[in-house]
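These notes concern the structure reproduced below.
The values are calculated or read from the model by the stated rules, or taken from the named source; none is laboratory data. Predicted model, so just to flag it, every value in this text is computed and none were measured. In this analysis, Cβ positions are derived from the backbone assuming ideal geometry, glycine residues included, and neighbour counts consider all displayed protein chains.
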Amino acid sequence: MQSKVHVANNLLALRQRHGLSQENIANYLGIARPMVSYYETGERNIPLEHLEKLADFFGIDAYDLLDENPSIQQSIVAFAFRADELNADNMNGIAAFRKVVRNYLKMKEVSKKMC
């Protein structure tokens, strides 16, 4: 299935772009590190729950992870942080903040269209 390959490639690219290890992602999702490797190689499908959680963290919509064009996966907010010091709680906070920002920007865009 081609979309599984796109998700795998996009997840790998996003993780690397943000300077995160597979261990960081695994801790954030509450799974074992080898599972992240399976997701990134396309050996396993990523459950919808994990797709949504990853999208929140990276500041994108979940469907963007399915996109064939990797340039689409641009984070809305750039954070300067040391990835080696992140824990799951830090990552949950970042994801919540990015989700708020993404929703705010969507509302702002809708507001412009209505005016």
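Taking only region 61-97 into account, find how many residues are at pLDDT below 75 and not in a loop (DSSP other than H, G, I, E, B).
Matching residues across region 61-97 total 6.
Out of the residues in region 18-57 that are charged (D, E, K, R) and under 11 Å from the mean Cα position of the chain (by Cα), state the one that is farthest from F97 (Cα to Cα).
Step by step, filter region 18-57, then rank; the result is E52.
Can you work out which of the residues in region 26-68 that are touching a helix residue (DSSP H, G or I) at 6+ places or on another chain (Cβ under 7 Å) and among the hydroxyl-bearing types (S, T, Y) is surrounded by the fewest Cβ atoms within 10 Å (Cβ to Cβ)?
Here the residue is T41.
Keeping to region 102-115, report how many residues are within 21 Å of L29 (Cα to Cα) and at pLDDT 80 or above.
The total comes to 0.
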